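The values are calculated or read from the model by the stated rules, or taken from the named source; none is laboratory data. Because the structure is predicted, anything quoted here is derived from the model rather than measured. When we count neighbours, we look across all protein chains shown, and the Cβ atoms used for this are built from the backbone with ideal geometry, even at glycine.
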Amino acid sequence: MSILNTVSYTWTTYRKLGNFPINSEHNANILPNGVIVYIGGIEQVFYGATFTLVNMHKIKLFNTNTLEWSRKNATGVEIDLRLYFSSVLSEL
Ligand SMILES: *[C@@H]1O[C@H](CO)[C@@H](O)[C@H](O)[C@H]1NC(C)=O
């Protein structure tokens, strides 16, 4: 993960993925509490494996305060698999 510090405008790289797959072509939004929500796209479960589309109910979270990854299972209607898409964070 490449991180741009927008105070000093310095790039750093964060490499701690743990057992989390490498994601690509996903969508991400940051919540006001500092948690980044990753949705969809493709993932490579282990290095060298084939990239596969991510189930839209399988949500990955990265907490920018603790630098920890976690997962959530979303519920609700079926959403078609997708990549190269956008989303908007809103409070309804
Ligand atoms: C999400 O659901 C899967 C089964 O489909 C389960 O194995 C996994 O533990 C669940 N993850 C969470 C964070 O609840």
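Key figures
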| read-out | value |
| --- | --- |
| Exclusive hit being in contact (Cβ under 8 Å) with a residue 60 or more places away in the chain and of a type outside the set (V, I, T), set N55, N23, N5, N29 | N29 |
| Residue list for region 1-16, filter: farther than 23 Å from S70 by Cβ and not in a strand (DSSP E or B) | T6, V7, S8, Y9 |
| Filter result for N55 (surrounded by 14 or more Cβ atoms within 10 Å (Cβ to Cβ), not basic (K, R) and not in a loop (DSSP other than H, G, I, E, B)) | no |
| Options N19, N33: the member that is in a loop (DSSP other than H, G, I, E, B) and at pLDDT 95 or above | N33 |
| Answer residue from region 67-86, given it is of a type in the set (S, T, Y) and within 15 Å of the chain's Cα centre (by Cα) and is nearest to the ligand (Cβ to nearest atom) among those | S70 |
